[in-house]
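The values are calculated or read from the model by the stated rules, or taken from the named source; none is laboratory data. Worth saying up front: this structure is predicted, and the values here are computed from it rather than measured. So basically every Cβ, Gly included, is an ideal-geometry build from the backbone, and we count neighbours across all protein chains shown. Remember, those area values only see protein heavy atoms, side chains included, never the ligands or the DNA or RNA. Shrake-Rupley method; radii C 1.70, N 1.55, O 1.52, S 1.80 Å.
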Amino acid sequence: DILRDISPVDIAQALDANKIAFATLLSTLPHATLHNEPGLLWFETCIASSVFNGVLQTQLETEQLPMAIERVFTHFQHRNLPFEWYLGPGSQHGNIGDLLKAHGMSQDEDEPGMGADLHTLNADKTEASNLIIHPVLTENQVHQWSRTTYCGAPENEIYNVFTVYSSLPRGLQSPLHLYLGTIDDHPVVTAAL
């Protein structure tokens, strides 16, 4: 469904749901798992990158948090996988930040989210005449998309991104759509929907 109410609360919840939907898609990869437990939603892909392993939603009572945190930490430690613990609007935070710090985690970033009312876009605005937007359908395009999206990242991270995205379904039937913008056949911009 198209989000019609674009209040900050509704946009935040839509972004949260989008992150969960993406991780659910990642859990369809070979050797990946989505753990949907009462009060805790988390996933693992076996890719050695925290972007592709983590907790998506926490809705536990305060007294349940220490045991759940310990269990997830132990799980990822035994598999030698980095992971992130996402605290979005769908999570009940309580004192979870202090408990995660006690396990050696630190806050990496506050992820900004973006939303726009598509009805207010200026359709008459001119765009660069030599910019061409391509749907990413081939493995070569996924490679270009990965390199452009993660420009400046270490090679192993770019390889991980390519490995994951090239393993996901592509095309009109896929819930994930990647786009690559080129100018004179050189990749300059990416987008994911």
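Name the residues in segment 82-107 that are aliphatic (A, V, I, L, M) and under 15 Å from GLU63 (Cβ atoms), would you?
Kept after step one, since they are aliphatic (A, V, I, L, M), are these residues of segment 82-107: 87, 96, 99-100, 102, 105.
Correct list: ILE96, LEU99.
Go through segment 1-34 and give me each residue that's under 23 Å from LEU65 (Cα atoms), part of a helix (DSSP H, G or I) and of a type in the set (S, T, N, Q).
Quick first cut of segment 1-34, residues under 23 Å from LEU65 (Cα atoms) only: 13, 16-17, 19-20, 23-24, 33-34.
Going one step further and asking which of them are part of a helix (DSSP H, G or I), we end up with 13, 16-17, 19-20, 23-24.
Passing the criteria: GLN13, THR24.
Per-residue answers, yes or no, for (1) in a loop (DSSP other than H, G, I, E, B); (2) open to solvent by 20 Å² or more (accessible area, probe 1.4 Å); (3) at pLDDT below 95; (4) not hydrophobic (A, V, I, L, M, F, W, C):
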site: ASN36; (1), (2), (3), (4): no, yes, yes, yes
site: ILE47; (1), (2), (3), (4): yes, yes, yes, no
site: GLY54; (1), (2), (3), (4): no, no, yes, yes
site: LEU65; (1), (2), (3), (4): no, no, yes, no
site: ILE69; (1), (2), (3), (4): no, no, yes, no
site: PHE73; (1), (2), (3), (4): no, no, yes, no
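Restricting attention to helices (runs of 4 or more DSSP H) lying wholly within segment 76-193, give those where 2 or more residues are in contact with a helix residue (DSSP H, G or I) (Cβ under 6 Å, 6 or more places away or on another chain) and open to solvent by 70 Å² or more (accessible area, probe 1.4 Å).
Fully inside segment 76-193 and qualifying: 139-149.
Restricting attention to segment 38-51, does a residue exist that is touching a helix residue (DSSP H, G or I) at 6+ places or on another chain (Cβ under 6 Å) and of a type in the set (S, T, N, Q)?
Yes, the conditions are met somewhere in segment 38-51.
Filtering segment 1-27 down to residues that are without any contact (Cβ under 8 Å) to a residue 60 or more places away in the chain and closer than 23 Å to HIS177 by Cα, which residue is surrounded by the most Cβ atoms within 10 Å (Cβ to Cβ)?
Among those that are without any contact (Cβ under 8 Å) to a residue 60 or more places away in the chain and closer than 23 Å to HIS177 by Cα, it is ALA23.
Give segment 28-50 a look and list any residue that's free of Cβ contacts under 8 Å to residues at least 60 places away in the same chain and aliphatic (A, V, I, L, M), or say none.
Passing the criteria: ALA32, LEU34, LEU40, LEU41.
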